[in-house]
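Quick notes on the structure that follows.
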Amino acid sequence: MLSDVTTPQDLDERFREAVGAIEVPASSGRAAEEPVRDGGTLDGRTALELFDAQLVSRHLDLAARWLRSFGEGFYTIGSAGHEGNAAVALALRPTDPALLHYRSGAFYCARVAQAKAGQSTETIETTGTGDPAHRVGVAERVAEAMRAPEGNGSVGGRRDGVDGAGASEAVLGAARDVLRGVVASADEPIAGGRHKVFGNAAVAVVPTTSTIASHLPRAVGIGFAVERLRRLGDGRGRPGGRRAAGGAARQRGEAESAWPSDAIVLCSFGDASVNHATAAAAFNTAGWCDHTGLRIPVLFVCEDNGLGISVKSPDGWVAQTLRAKPGIRYFAADGCDLVETYDVAVEAAAWVRRHRRPAVLHLSTVRLMGHAGADAEVAYRTAAEIARDVQRDPLVATARLLAGAGLATPEELIARYDEVGWQVRKVAEEVLGERKLASAADVVAPLAPRRPVRVARAVTEAAGRAAGPAAAARSAVFDGKLPEQGGPLTLAQTINAALADGLLDYPQLTIFGEDVAAKGGVYGVTKGLRDRFGAPRVFDTLLDETSILGLGLGAGLSGMLPVPEIQYLAYLHNAEDQLRGEAATMQYFSRGAYRNPMVVRIAGLAYQDGFGGHFHNDNSLAVLRDVPGLVLAVPSRADDAAPMLRSCLASAAVDGSVCVFLEPIALYHTRDLHTDGDDEWLAPYLGPGGWTASHVPIGRGRVYGVGSAEDVTIITFGNGVRMSLRAAAKLAEEEIGTRVLDLRWLAPLPVADIIREAQATGRVLVVDETRRSGGVGEGVVAALVDAGFVGSARRVASIDTFVPLGPAARHVLVSEEAITQGARTLLAR
C-alpha cells in the first residue's frame, strides 16, 4: 500500500491496486435501472455514465502532467480528488449557467455529455405549453417527490454494464477541449490558446479566471439578471433553451434573456476561497438580496479539500462559515461518495429552482497529486495525511460502488480505466501538433473589438427612433418638456437627460448603485429617473463596490445593458479587479462567445474647493488606463457629455465594450467659464435631430483655438480643459496663441489628434490633473516620443500625494497659474 502518493505514476498504480482488491459480494446483482445503493436514488446506468466522466477527468490530469514533462503542457492544476463534482452536473440542466472552479473538470465532462444527450435523445417530449420537457430520470423523480420538476437525468446513451467501447464521443470531445487549453492550442474552442479555462458557450459554461473567488460576484449578478428578466416577462415560455450569450439580437438590448427563464446559476469554488473578501462580498450580497425579498437563484458549490495550496483550512471552519451565511440555505455531502453527492445536489438544485433563492452545497473532497505539477506536497504534508486522502479517492469509491452493485467486475473497471486512459492519451498526442497563436495580432484579436461605423450607425438609428416611433413616449417621459426645448444645461443636467434617453432607447438598460434611485445620486445626476422609469430599471444597491460591479458583470452577460454607478473614484479601488480580472477578460477568454457590456459611471477627480479630502477628490486613473481594452471617457463639458455617453452605450451594445464614464465632480454644476454669470460652461441639449452630427467617436479629441492658435498646444482633459481655456485667454492678452486639445478619451488615447495638434505649433504643454507618476501625461508624452515628435514638450501635473482636506489641496493640484507659467517657459526656450 502506497502512503505518499504525489506523482501520476503513484496515483495510477494506487487505483489499479485498490480496485483489483475489491471483493464483490456474492449477493450483488442490481439491475441497471435500480438505485445503485440502498437508500439512494442514483441508478446504475447513471452511475456508470458518471464514472466515465470521472475517468476522463482523472486521465486529463495525468495527461497534463505528461505533456508538461517534455515542455508541451502549460497548465497542471488538476481535478484529481474532486471528481465527485460530476454528480453535481447531473443535478442541473445543461442550460443552467455554470461558472466553474479550476478543479471542476469532471463537472465539465459530465455537462458536455449531458448536453449532447439532451440534443440527441428521442425521449424529449413537448408539453402542452410548448416547453421542451427534460428527460425523465432519477433527478426528475427526486425533484417530483419534492414537488419541483427539476434536474435532467442521465448524460448519455443507456447501457446495462461496462463495455469495451471506451468513453462516449461527447466526453472525449470535452477532453479535447481541455487538452487544447493545456497545450495552448489556437484551436481551443473557448479561449483559443490564451488561457486554460473550463468554458463552452454551447453548454452554458462561462469561463472564469484563476483569480481566487473573483467569479462569485458575477454569479450573483447572473442570478439577479435571470430573475429580473423573468419578472419582466423576458424569456418566458422558453425554459428548455437559451440563445448564445451575446447573440445578434443584443445590439439594442432587446427584451431577451441569455438564459432560460427558470434557470439557476451554478458557481463552484475551493474552500480557501471562503476567506477571500470577494467571496464575502458575493455571499453578503446574495444574503442581503434574499433578506430584502429579491430572488437570487444561485447554487454555490464549495469543493472543500482542506487546503489552499499548502495552507490548511482549520477543522470545521469552512462548514461553520458557510452555515452562518444569512439568507443562504446550507447543504452538505461527502464529495467522494457519488450517491450522496448526487442526491444532495439534486435536493439543493431543486430547492434553489423552486424557491429562486440562494443555497450553498458544501462538498468534502480530497486533493491528489498536490496543488499543481510543480508542487511537492511532501514538503508540507505528512505521509499519514496524504494516505488518508488517498483512501478517499473518489474514483476508487465509485468503482467499489459499481462492483458492489454487480454492474461491473473489478477487472472490467480496470479495463475501462485503461481504455479511457488510452483514448485521452491519444487525444493528447493529436492536439500536440495543433497551431499556436502566431502573432501579437492573433493574441489581442478578441480583446476589445471596435466597429466605429456600426457604433455611429447605432447612434443614428437611436436618433431616428427617438424622433419617430418613440417620440410620444419620449415626450411623456420628459413630461412634455423636452430637454432640447429648455435653456442651456450643466454637465450634471445633461448627463441626466442623456441617461433618460438611453433608458428610453435600450429596453434592457438598468441604472443602479449607491443612492442613485431614491436620492437621485449624491450630486443629483440621476434625480427623477426612478420615478420616470420605475424601480426595476433604476434602483439602489447595498454599499459594496465589488457587488455593484458584480451585478453589472452578471447582468451584461445575461443580455442586459447595465449602467452601474461607483459613487466616488476612490471607492473603485476596493473593487477594481472586477473590471481588470473579470470584465475586461471575458471576450478575451471566450473569443467573443461571451461578453459583459456595461458603462460604469464614476464621479471623480478633484477641485471640489477642498471639500472631502482624498476620498472625494481622488485624482488617480492609473488602474483604469492599465486595463487592456477598457474604454475610459472623461467629458469636461455639457455639449460633449451627451454624445460621449451615447457612444459608450452604443459601443457596449454593439461591441460588448466595457466603458468607464468618469464624470468630473467639480464640473457637475459649473456654469461660468471666464467671468461670473457668463454661462459659457453651459450648453443646450441637442434633440435627436442633432445626434448624428454631434456624434463623438471613441478615441477622438476636441480642439479649441484661442487667439492665433499658432504658438503653443495645450493637451489636457477633465478639469484641465476649463483651467487651460482660462489660462489661454490670459495668454492671448500677451499675444500668445494657444490650441487646447481636450483628450476626452483617456483609453484609448486620441493619438492621431495628439500628434496633429503637437505638430501644429511645435510646442506642447501637457496639463495633467492626475499625479506626475503614473498619470495620464506619461501616456501623452510617450505617444509624442513614439511618433518622433521633435518639438518642445513640458508637463504640468499634480504632485505625487493624496489630496488633502481644505485649502491645502491647492498646493498639490495643477493650477491656472502653473499652466500659464508652463506655457511661458516653453516659449522662452
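The values are calculated or read from the model by the stated rules, or taken from the named source; none is laboratory data. Since the model is a prediction, treat every value here as computed from it, not as a measurement. Methodologically, a virtual Cβ is constructed for each residue, glycine included, from the backbone with ideal geometry; neighbour enumeration extends over all protein chains shown. Accessible surface areas use protein heavy atoms only, side chains included; no ligands, DNA or RNA. Shrake-Rupley method; radii C 1.70, N 1.55, O 1.52, S 1.80 Å.
Brief remarks on what is shown
- Residue order for Ile328, Ile309 - accessible surface, 1.4 angstrom probe, largest first: Ile309, Ile328
- Heavy atoms of Arg435: accessible area, 1.4 Å probe, square angstrom to 10: 140 Å²
- Rounded to the nearest 10 degrees, the inclination of helix 277-292 to the longest alpha-carbon principal axis of the chain is 90 degrees.
- Only protein atoms count toward the accessible area here, which uses a 1.4 Å probe; on the chain, the carbon and sulfur part of that area reaches 52 percent.
- Between helix 105-120 and the chain: long-axis angle, C-alpha atoms, 0 to 90°, nearest 10: 80 degrees
- Inter-part distance, the range 313-337 to the range 27-88, computed on C-alpha centroids, equals 23 Å.
- Asp626 paired with Thr7, simple spin-label distance in nm, labels 7 Å along Cα-to-beta-carbon: 4.1 nm
- Peptides ranked, highest mean first, by Cβ atoms within 10 Å: ranges 62-68, 466-472, 512-518, 33-39: 62-68, 512-518, 33-39, 466-472
- Pair Lys436, Val453: separation of 7 Å Cα→Cβ label points (nm): 3.6 nm
- Accessible area per residue in Å² at 1.4 Å probe, computed on the range 466-583: 31 Å²
- Annotation: per residue accessible area for the range 307-394 equals 39 Å², rounded to a whole number [probe 1.4 Å, protein chains only].
- Charging the Cβ of each Asp and Glu at -1 and of each Lys and Arg at +1, and nothing else, the dipole of the range 439-524 about its Cα centre rounds to 240 debye.
- In the context of the full protein assembly, Thr670 retains an accessible surface of approximately 20 Å², using a probe radius of 1.4 Å and ignoring ligands and nucleic acids.
- Separation of the alpha carbons by more than 32 angstrom is noted, of Lys116/Lys436; Lys116/Lys325; Lys519/Lys730; Lys481/Lys730; Lys527/Lys730; Lys481/Lys519, for Lys116/Lys325; Lys519/Lys730; Lys481/Lys730; Lys527/Lys730.
- Cα long-axis angle, helix 8-20 against the chain (0 to 90 degrees, to the nearest 10): 30 degrees
- In the chain, the DSSP-assigned H stretches of four residues or longer account for a calculated mean residue ellipticity at 222 nm of -12000 deg cm²/dmol, using -39500 (n - 2.57) per stretch and the full residue count as denominator.
- Accessible surface of Ile22, taken over heavy atoms with a 1.4 Å probe and every protein chain present, rounds to 20 Å².
- Dipole moment magnitude, nearest 20 debye, the chain about Cα centre, only Lys, Arg, Asp, Glu C-beta charged: 1500 debye
- Of the labelled figures (i) 28.8, 87; (ii) 29.6, 106; (iii) 26.2, 89, only one reflects Rg and Dmax of the Cα atoms in Å as derived from the coordinates, namely (ii).
- Of the listed residues Thr209, Thr494, the order by accessible area with a 1.4 Å probe, largest first, is Thr209, Thr494.
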